[in-house]
1. How much length would be gained if the chain were fully extended between residue 183 and residue 170, taking 0.36 nm per residue of separation minus their Cα-Cα distance, in nm to one decimal?
2. Using per-residue counts of other Cβ atoms within 10 Å, averaged over each peptide, order 239-245, 305-311 from highest down.
3. Are any of the pairs 46/136; 135/213; 143/187 more than 25 Å apart by Cα-Cα distance, and if so, which?
4. List, in order, the whole-Hz ³J(HN,Hα) value for each residue of the stretch 285-292 obtained from phi through the Karplus relation with A = 6.51, B = -1.76, C = 1.60 and θ = phi - 60°; use x for Gly and Pro.
5. Need one word for the stretch 356-492: rounded, prolate or oblate. Basis is the Cα gyration tensor (sqrt eigenvalues a ≥ b ≥ c); a/c below 1.5 gives rounded, then a/b vs b/c decides.
6. Extending each Cα 7 Å along its Cβ direction at residue 274 and residue 213, get the distance between those two points in nm, one decimal.
7. How much length, in nm to one decimal, is gained on full extension between residue 65 and residue 233, taken as 0.36 nm per residue of separation minus their Cα-Cα distance?
8. Specify whether the C-alpha gyration tensor of the stretch 154-299 places it in the rounded, prolate or oblate class, a ≥ b ≥ c being the square roots of the eigenvalues: rounded for a/c under 1.5, otherwise prolate if a/b is larger than b/c and oblate if not.
Amino acid sequence: MEPANLFTVLRRYWRLLAGCTVAALIVGFVLTPAGDAVDNGKWQCKVAITPVAGAADTVRADQVLSYAQGSAVTTAAAQKLHITDVASLSARRTVAAASTQMLVFTTTGPTQQSCADLAAALSEATITGYSQESKKSADESIKRLRAQADTQQQQLDDLQKQFSRANTTDQAKLQPQLSTATAALTKTLGAIADLQNYSQTDAIQQWGSIDAKELGGNLLTSPTRSVRLALAVVLGLALGVVAALMLSRMDTRLRTRDGAEEAFNLPVIGEIPLLSRRLRRLREPLVTARPEDPATEAYRSLRSTLLLTGPRALSAQLGQGGLDPDDRRARRAAEPAPVVLVMSGRSGDGRTTTVANLAATLAETGRQVLVLDCDFRQPGLRGHLGVGDGPGMAELLSGEQLPDPVDLIRRTNVPGVALITGGNTTAYPAALVLRAGEVLKLARRHADVVLIDSSPLLHANDAYDLVQHADAVLVTVMAGNLRPEEADRVSELLARTGVPVAGVALLGAEGTTGRRKRTLRPGRPPAKGSPAKGSPAKAAPAAKSTPSVPEPQRRTEPAPRVEPQRRPGEHQRPADPRPAAPGYGEAPDRRDGATSWGRRPAELPPEEPVETTLQLRLGEDR
C-alpha cells in the first residue's frame, strides 16, 4: 500500500486508533504501580549452600529447600538488611536445587552491593536457621534416646543380677538375653553421642563465594510509570493501525475514483472533496456561501464537464443571459430547455446537495435554471435554496387538470435559480410521476436548463420512471456509502433506458488506490469538408468515423434510444433541426460565430492521445 493511501485509511479510521490508544493507556495506568519504583533487575547474584563434611547422610536436600523457601528465612534476611517490605524482598530472590547436595540462591538488585548483600543475608539466614532447627531436633532426639537408654540400662541390670544368682545351666540360658540387652544399650548410647556431635556443629555451609553479574535493562523492564504509559500508547497505536488495515481490506464500499469508475462502468466527471462539518451545516449552496472554497471549484469543474459531455442543447444555451425576455421566450419555444436528471443509488449520496450547487454554478454562466424537486419521499431542496413550504410538484402532478407550472415556480436565494418544491405529498409517490412528461413539456419553456432531483434508484422506482423524460443523467455517489454490487445494479438499470449518462459525481472523494493502466484512445480525425485551420467559415456536419483500434478492444456501440409510446396529447419532443453533434476531434458547429462551449475544435487536436469522458460515456474501451 502506498504511503498516501495508508494515511487515507488511518484518517478514515481515526476513531478506532483513538479508542485503541485510550484503552491501552488505561490498561497501562492500572497495571503500573503508583509512583516510580526502583529497577531491581539490573544486577544478579548467585550463592550455593551444601551440607558440611560428614553431615551428608543426615542432611536431606528437600528439607533444606523447604526451609529456604519459607518466610522465616526472608524475614530474617530483611531484619539483617533493615528492610521493612518483606514482600518486595521475596520478589527479588529465588531458590532451587542444583543437585541432591546443593541449593542455589539467585537474587537481583539495583546495585551490585545490594544484590550481594541480599544473597549473603539469605545464605546466612538459611545456614543459621537450619542449624538451629537441626540442633533443636537433635536435642529432642537425644532426650528421647536417653530415656530409652535408661530403660535399657535397667533391663540390663536386672539380667546381670539374675545371671549372677543362677546356676550354670540357667546362666547358659540367660547369656543370649544379656548379650542382646548390652548391644541395644550400646547402640542407643552411640546414637546419643552422634546427635550430640551433630548439634554442636552447623549442618550446612556456604559453597564458594557470591557470583555477581550485571543485567541489561530495557523498556519492557522499566518500572517508571511515564515510560510504561508511553509504551502502552505505542502498543495501542500499533494495534489500532493493524485493526484499521484489516477493516480497510474487508470494506468493499466505493471510496475512490478508480473504484467508482470500475463499479459503475461510467466515467467520474466530478470529484467533490469531503466537506467539514461546519460547511455541511450551511443552509444555502456552497457555491454562493463560499465562492472561493476548493469544493466550490470542484462543483464548477463538474459543471464544465457536464456541459462538455452532456446533451448538445445544454452547451448551446451558453450566452443567452443577455437576451431580452421576448427573444428568450422565442428561443425556448423553438429549442426547449434540456432536462438533466440527478439521481443516486441510495439515500445519503449527496444528490440534493449536488442539485443545489450544480444549479448555482449553471446560473453563474448566465443561464436561468429551474429545479424540480421530484423526491416525494424525503424532499429537501427548499431547505438548501431558502424557499418556504407550499404547493409544488405533488399538487402539479396529482391534479386532474394540468396547470401552468409558472404558478408554482418560486424564487430562491440564488440569483438565476428557481424552484418548484416537492409540495405536500398525499398520494402514493410512484403514481405522481406518471404525468411527469406533460409537466416537463411545460417546464422546458420557463428556463434554460431544468434540473430534477429524484428518489434513490435502489429504494424507489420514481427515478426510473423519470429517466425516460430526461436528456441526460448525472449519478451521484458518496464515498463509502455504496457497495460495488449496488453500483453495478444502478449501471444495469440505466443501460436499459438508453438515456445518455453524463457520468458519476463522487462526493467525499479520497485518493486513488493505485495507478491503473488505461488504453488511451486517439480523437476522431476531422471529416471531409471540415474547414482548415483558421478558416472562419461555419463547419458543415461531418459523418462520424470509426477509430482505428484493434478488433478485440472495440466495444459494441449502444443501441439507439427507443422513445416509449405516449398517450394522445402527451408531450412529444420537437425534432432537433440542427445537425448531429460532431464527435470528439471533429469540427464543431458555430452559433452566431461562437464556438460551441466546452467542445474542442478540430483544428486544435490534442498533442498526444488523451482519453476523454465523452469516449467513456460512448462506451469505448479504456
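The values are calculated or read from the model by the stated rules, or taken from the named source; none is laboratory data. Just so it is clear, the structure is predicted and the values come from calculations on it, not from any experiment. Counting neighbours? That spans all protein chains shown, and the Cβs are built from the backbone with ideal geometry, glycine included. Note: areas computed on protein heavy atoms with side chains; ligands, DNA, RNA excluded. Shrake-Rupley method; radii C 1.70, N 1.55, O 1.52, S 1.80 Å.
1. On the way: separation 13, 0.36 × 13 = 4.68 nm, distance 2.07 nm.
Between residue 183 and residue 170, full extension yields 2.6 nm more.
2. Details: 239-245: 17.0, 305-311: 23.1.
With the highest mean Cβ count within 10 Å placed first, the list reads 305-311, 239-245.
3. Pairs exceeding the cut-off: 46/136; 135/213.
4. Whole-Hz 3J(HN,Hα) from phi for the stretch 285-292: x, 4, 4, 8, 7, 10, x, 9.
5. Details: a/c = 1.64, a/b = 1.21, b/c = 1.35.
Here the stretch 356-492 falls in the oblate category.
6. Placing both labels 7 Å along Cα→Cβ, they lie 5.4 nm apart.
7. On the way: separation 168, 0.36 × 168 = 60.48 nm, distance 4.30 nm.
Full extension from residue 65 to residue 233 adds 56.2 nm.
8. Working: a/c = 7.50, a/b = 4.81, b/c = 1.56.
Cα axes put the stretch 154-299 in the prolate bin.
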